[in-house]
There are 2 protein chains.
Amino acid sequence: MPLNPRDRGFAYGDGVFETVRVAASGEQPLWPRHRARLVGGLRALGIALPDESRLDAALNEGVAALGGEAGVVKLTVTRGVGGRGYLPPVPAQPTVVWQSGGLPVWPERHRREGLVLGLCQAPLYPDLLAGFKHLNRLPQVMARREVARQGWDEGLLLSTRRQPLEATSMNLFARFANHWWMPDLDAAGAGVAGVMRAHLHETLLQRGEKVVCDLRPLSQLRTADGLFLCNSVVGVLPVRKLAQWHWPVLASVRELQQSTETFLAGSLKV
Amino acid sequence: MPLNPRDRGFAYGDGVFETVRVAASGEQPLWPRHRARLVGGLRALGIALPDESRLDAALNEGVAALGGEAGVVKLTVTRGVGGRGYLPPVPAQPTVVWQSGGLPVWPERHRREGLVLGLCQAPLYPDLLAGFKHLNRLPQVMARREVARQGWDEGLLLSTRRQPLEATSMNLFARFANHWWMPDLDAAGAGVAGVMRAHLHETLLQRGEKVVCDLRPLSQLRTADGLFLCNSVVGVLPVRKLAQWHWPVLASVRELQQSTETFLAGSLKV
């Protein structure tokens, strides 16, 4: 599927994407959440997709291409080909592209012992389209380069007020004495509202656990019992170290990790 | 030149671009400035282009495609094709793409009588890569949509502190009693440092004029004698109205507009 270089996805990052984990059975347990975020992002950008079933069709093509293996399907939807200048063409013909591939390889050590995080130097600035997974991802690219340069496993991005927000491609949770905590990305007006974050939030609430969503200074993380990161592809990974602070892998985090893996593997036997 | 959908320009906006005006003679008077900004942006992004003469070669192909007509050549350079995830591939093979087209049509009324501006609602947030012309342009796309919706000629973008920074695709200058003024985009950490802005800044300094570059509250614009916008393709356009404020077209702005047009037309006869 070659792309027109006049596609506004290429010219301006004028679009959105999702990376959907697919079980060996072909199930995509998080697809409804991915789809809702994709549609929400298109609406925020003012990109009219006349027929949303194109999204399902593209996903299904990507799943079929996996040939019965577990993997991921990436969907990208842009405003389509445009003329010169920032003004969107009217009417626009959105571009829908899928790519499929195997599951990323995460070291077993990360799953079991947890990640070593560093603090990314640049703040994550507010973003007019915060929460959505749009194609303007240079802050994440720059932060991910820093992670590699420093030899960390992942990097924590702080707000301009030095409040923890998220990692470069994962969302953050922490366990405090009597509650779970997640950064309030809406209040920060920055970051990506991950679908695994939403799934875990709902899971914890359904179990009757207390979950607080607000913004806290970095220093408060030190008083947490434990931290973990999550995303829709790798699930839950404990954090064992951030800068000079250390945390154990909590039994409650291990349990969440295992139930998430079961959830992502789908309910059908293969 | 079809594009690989795995190009990181498409995936993350991981690249930079320039839109270069070409005179009928084939001259590109601002190319050295465009080239310097392009190379600076690549360096900031950590994109290694082994041979910078590829930029000149691509420009020349675009100029040749204009077939002796005045027009513009757009150059886009990305980090090239990558795997999944934000981490850049090593080594990367940068993508260099050119597109050529005619000069945009600006109503003669805009040139003569000036533009009607509106105030864009969303602030222009700081940007880790401010100044460079990278491919993360959603703030400009969203602002340009607002301009069209409101029926303005252009839109003024303010900082989070409501200081005027730039228009959606043009830089701002104002004339005050004893000096010219331009917003200090470095200090704001936001906006695009236009090559025409740099050219005019240098031109004014060479003429012995006083030019102040700082950040000012929006209300100070009301006390300006006159305003204009500029970019490397259309040159200088006076501003006659912003919200409820009006300005005349100053003789000094008219002169700057004419000398800029002469400059952009090139020194060679055709």
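A short reminder: the numbers here are calculations on the coordinates, not readings from a lab. Remember, predicted model here, so these are calculated numbers, not experimental data. In this analysis, Cβ positions are derived from the backbone assuming ideal geometry, glycine residues included, and neighbour counts consider all displayed protein chains.
So the values come out like this:
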quantity: Note, ³J(HN,Hα) from phi for the stretch A:30-46, Karplus 6.51, -1.76, 1.60, rounded to Hz, x at Gly and Pro; calculated: 9, 3, x, 6, 4, 4, 5, 5, 4, 5, x, x, 4, 5, 4, 7, x
quantity: Helix-only mean residue ellipticity at 222 nm for chain B, each DSSP H run of n ≥ 4 adding -39500 (n - 2.57), per residue, nearest 500; calculated: -9000 deg cm²/dmol
quantity: Percent antiparallel among DSSP beta bridges (both partners in chain B, rounded to 5); calculated: 75 percent
quantity: Helix A:53-65 axis, angle to chain A major axis (alpha carbon atoms, nearest 10°); calculated: 70 degrees
quantity: The protein assembly as shown: antiparallel DSSP beta bridges as a percent of all, rounded to 5; calculated: 75 percent
quantity: Relative contact order [Cα under 8 Å, 6+ residues apart], the stretch B:115-226, whole percent; calculated: 29 percent
quantity: Extreme residue, positive dipole direction of chain A, given options A:W106, A:P123, A:L38 (C-beta unit charges); calculated: A:P123
quantity: For the stretch B:9-26, 3J(HN,Hα) per residue [Karplus equation, 6.51 cos²θ - 1.76 cosθ + 1.60, θ = phi - 60°, Hz, x = Gly/Pro]; calculated: x, 6, 6, 9, x, 8, x, 9, 8, 9, 10, 9, 7, 10, 6, 4, 6, x
quantity: Chain A: angle of helix A:251-264 to the longest principal axis, Cα-based, in degrees nearest 10; calculated: 20 degrees
quantity: Between 0 and 90°, nearest 10: helix A:138-150 axis offset from chain A longest Cα axis; calculated: 40 degrees
quantity: For A:Q244, inter-copy label distances in nm, listed shortest first [label point 7 Å out on the Cα-Cβ vector]; calculated: 5.6
quantity: For the stretch A:108-264: rounded, prolate or oblate by the Cα gyration tensor [a/c cutoff 1.5]; calculated: rounded
quantity: For A:A57, label point 7 Å along C-beta direction: distances to other copies, nm; calculated: 4.1
quantity: Separation of alpha-carbon centers, the stretch B:192-226 and the stretch A:2-17, rounded to whole Å; calculated: 34 Å
quantity: Residues whose placed amide H lies under 5 Å from that of A:V81, excluding near-sequence neighbours; calculated: A:R8, A:Q93
quantity: About the Cα centre, charge dipole magnitude for the protein assembly as shown (Lys/Arg +1, Asp/Glu -1 at Cβ), debye; calculated: 500 debye
quantity: For residues of B:129-141, the mean tally of beta carbons on other chains within 10 Å; calculated: 6
quantity: Other-chain or far-sequence residues with amide H under 5 Å of B:F176's (modelled H); calculated: B:W181, B:D225
quantity: Nearest-first distances (nm) between copies at A:P107, label 7 Å from Cα via Cβ; calculated: 6.2
quantity: 5 angstrom amide H check on B:A167, placed H, neighbours 5+ away; calculated: B:L157, B:L172
